[in-house]
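In what follows, a single structure is set out as structure tokens and then discussed.
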Amino acid sequence: YKELLKNRKGVQKHLLAGTLHNLAVVHVWKGEYDEALPYCREALRVRRELERSAHLDIATSLSEMGIIHYAREEFNRSLQSFREALQISCKALGYDHPQIAQILNNIACVHYETGKLIAAHATFEESLDLQR
């Protein structure tokens, strides 16, 4: 009975994390980045509590967090989120996965916005190579 209850609570928390993440995404789509941030933070917190460190749900929330920080022009935080998402995604999916190319593209955009044009160029090229 206790194991069943524990599993049920885990499933409920997993659904909670997904719903929180989805609410963050809706706010991002609406351009409401300040409203999206707390939902994304909470989704990430719950997902980290539930999953092992290299779980793709964590990487997904980290990527969304990176997008939110990017839109708020918080480029250092954005880069940190994208880099952690990249690390987790590479570990879980392997380097040649299309999701890796998307994260690299996001990282390149941050480099571009911060005036690191050589890094931006190199990272865009790396993303492109994975897409070919």
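Quick check on residue 97: is it closer than 27 Å to residue 32 by Cβ, out of contact with any Lys or Arg (no Cβ under 9 Å at 6 or more places or on another chain) and either open to solvent by 40 Å² or more (accessible area, probe 1.4 Å) or at pLDDT 95 or above (or both)?
On the way: closer than 27 Å to residue 32 by Cβ: no; out of contact with any Lys or Arg (no Cβ under 9 Å at 6 or more places or on another chain): yes; either open to solvent by 40 Å² or more (accessible area, probe 1.4 Å) or at pLDDT 95 or above (or both): yes.
Considered against the rule, which asks whether it is closer than 27 Å to residue 32 by Cβ, out of contact with any Lys or Arg (no Cβ under 9 Å at 6 or more places or on another chain) and either open to solvent by 40 Å² or more (accessible area, probe 1.4 Å) or at pLDDT 95 or above (or both), residue 97 comes out as no.
If you go through segment 120-128 one residue at a time, do you hit one that is of a type in the set (A, V, I, L, M, F, W, C), within 18 Å of the chain's Cα centre (by Cα) and modelled with pLDDT of 95 or more?
The answer is no; no qualifying residue exists.
Go over the candidates 77, 83 one by one and state the one that is closer than 22 Å to residue 35 by Cα and basic (Lys, Arg).
Details: 83 fails: closer than 22 Å to residue 35 by Cα.
Among 77, 83, only 77 is closer than 22 Å to residue 35 by Cα and basic (Lys, Arg).
Go through segment 64-80 residue by residue and tally those that are among the basic types (Lys, Arg) and assigned to a helix (DSSP H, G or I). If you could, list the steps in order and put the result at the bottom.
Residues of segment 64-80 that are among the basic types (Lys, Arg), as a first pass: 72, 77.
Still in the list and also assigned to a helix (DSSP H, G or I): 77.
Final tally of qualifying residues: 1.
Pick from 83, 72, 132: which is without any contact (Cβ under 8 Å) to a residue 12 or more places away in the chain, basic (Lys, Arg) and either surrounded by fewer than 18 Cβ atoms within 10 Å (Cβ to Cβ) or touching a helix residue (DSSP H, G or I) at 6+ places or on another chain (Cβ under 8 Å) (or both)?
Numbers: 83 fails: without any contact (Cβ under 8 Å) to a residue 12 or more places away in the chain; 72 fails: without any contact (Cβ under 8 Å) to a residue 12 or more places away in the chain.
Checking each option against the conditions leaves just 132.
Is there any pair linking a residue in segment 107-123 that is farther than 21 Å from residue 68 by Cβ to one that is open to solvent by less than 90 Å² (accessible area, probe 1.4 Å), with Cβ under 6 Å and at least six apart or on different chains, and which?
Hits for this filter: 119/111.
Looking at residue 42, is it open to solvent by 30 Å² or more (accessible area, probe 1.4 Å), in a helix (DSSP H, G or I) and under 20 Å from residue 13 (Cβ atoms)?
On the way: open to solvent by 30 Å² or more (accessible area, probe 1.4 Å): yes; in a helix (DSSP H, G or I): yes; under 20 Å from residue 13 (Cβ atoms): yes.
Spelling it out, residue 42 is indeed open to solvent by 30 Å² or more (accessible area, probe 1.4 Å), in a helix (DSSP H, G or I) and under 20 Å from residue 13 (Cβ atoms).
For segment 45-62: of the residues being assigned to a helix (DSSP H, G or I) and open to solvent by 20 Å² or more (accessible area, probe 1.4 Å), which is nearest to residue 111 (Cα to Cα)?
At the first step, the residues of segment 45-62 found to be assigned to a helix (DSSP H, G or I) are 45-50, 56-62.
Among the residues that remain, those that are also open to solvent by 20 Å² or more (accessible area, probe 1.4 Å) are: 45, 47-50, 56-57, 60.
Values: 45: 27, 47: 28, 48: 27, 49: 31, 50: 32, 56: 24, 57: 25, 60: 20 Å.
If we take residues in segment 45-62 being assigned to a helix (DSSP H, G or I) and open to solvent by 20 Å² or more (accessible area, probe 1.4 Å), then 60 is nearest to residue 111 (Cα to Cα).
The values are calculated or read from the model by the stated rules, or taken from the named source; none is laboratory data. Nothing here was measured: the structure is a model prediction, and the numbers come from that model. Cβ sites come from the backbone with ideal geometry, for glycine too, and all protein chains shown count toward neighbours. For the accessible areas, the whole protein counts, side chains as well, though only heavy atoms, and no ligand, DNA or RNA atoms are used. Shrake-Rupley method; radii C 1.70, N 1.55, O 1.52, S 1.80 Å.
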